Amino acid sequence: MGSGFRYGLACEANLKMKEMTLTHTEPFHFLEFRHGPKSMITQTTAVVGLLSDTSRLHEQRVLDEAEGLGARVLSLAENDATVNFHSGLAEILRGVLYLPVLQAMAYYRSLAKGLNPDRPVNLTAVVRLD
């Protein structure tokens, strides 16, 4: 989940996870969670939250709610999260720090599933339009 520019990062993480792990994933805005996605939470659900500085309190409440419903929650932020960057960078610049962590998650999940992350199923390195 992500808000603002972090929603775009959530979309990219979603794509990498689908391509590399053949796992169903969906990106959501934090405030969208309570409008349906929360009904899908089970004990096997993983929720990743890309926390902002400005809406942090509300976003953390959503993650806490997901965890209360049984989800395994991972949060990424400058500080006070599961993954802390302590970068000192302006919030708008921190997005580049999130991507390697999200890509590594997809990479290691693909290996755990016995898949080759360098050879995604039914995909090629270049998409050609004929």
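Do we have residue 13 as crowded, with 19+ Cβ neighbours inside 10 Å, closer than 20 Å to residue 92 by Cβ and of a type in the set (A, V, I, L, M) here? Criteria met by residue 13.
Scanning region 50-81 for residues that are free of Cβ contacts under 8 Å to residues at least 40 places away in the same chain and in a strand (DSSP E or B) yields 72, 73, 74, 75, 76, 77.
Note on region 24-49: residues that are part of a loop (DSSP other than H, G, I, E, B) and under 14 Å from the mean Cα position of the chain (by Cα) amount to 7. Looking at this structure, is residue 120 at pLDDT below 90 and within 20 Å of residue 26 (Cα to Cα)? Yes.
Per-residue answers, yes or no, for (1) more than 17 Å from the chain's Cα centre (by Cα); (2) among the aromatic types (Phe, Trp, Tyr):
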{"residue": "60", "(1), (2)": "no, no"}
{"residue": "82", "(1), (2)": "no, no"}
{"residue": "90", "(1), (2)": "yes, no"}
{"residue": "98", "(1), (2)": "no, yes"}
{"residue": "106", "(1), (2)": "no, no"}
{"residue": "118", "(1), (2)": "yes, no"}
{"residue": "123", "(1), (2)": "yes, no"}
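Hey, residue 50 hits all of (1) in contact with a Lys or Arg (Cβ under 6 Å, 6 or more places away or on another chain); (2) more than 14 Å from residue 2 (Cβ to Cβ); (3) of a type in the set (A, V, I, L, M, F, W, C) but one; which does it fall short on? Result: residue 50 fails condition (2) only.
Pull up region 86-130, narrow it to residues that are in contact (Cβ under 8 Å) with a residue 12 or more places away in the chain and in a loop (DSSP other than H, G, I, E, B), then point me to the one that is surrounded by the most Cβ atoms within 10 Å (Cβ to Cβ). Per the criteria, the residue is 94.
The values are calculated or read from the model by the stated rules, or taken from the named source; none is laboratory data. Only a predicted model underlies this, so the values are computations on that prediction, with no experimental measurement involved. So basically every Cβ, Gly included, is an ideal-geometry build from the backbone, and we count neighbours across all protein chains shown.
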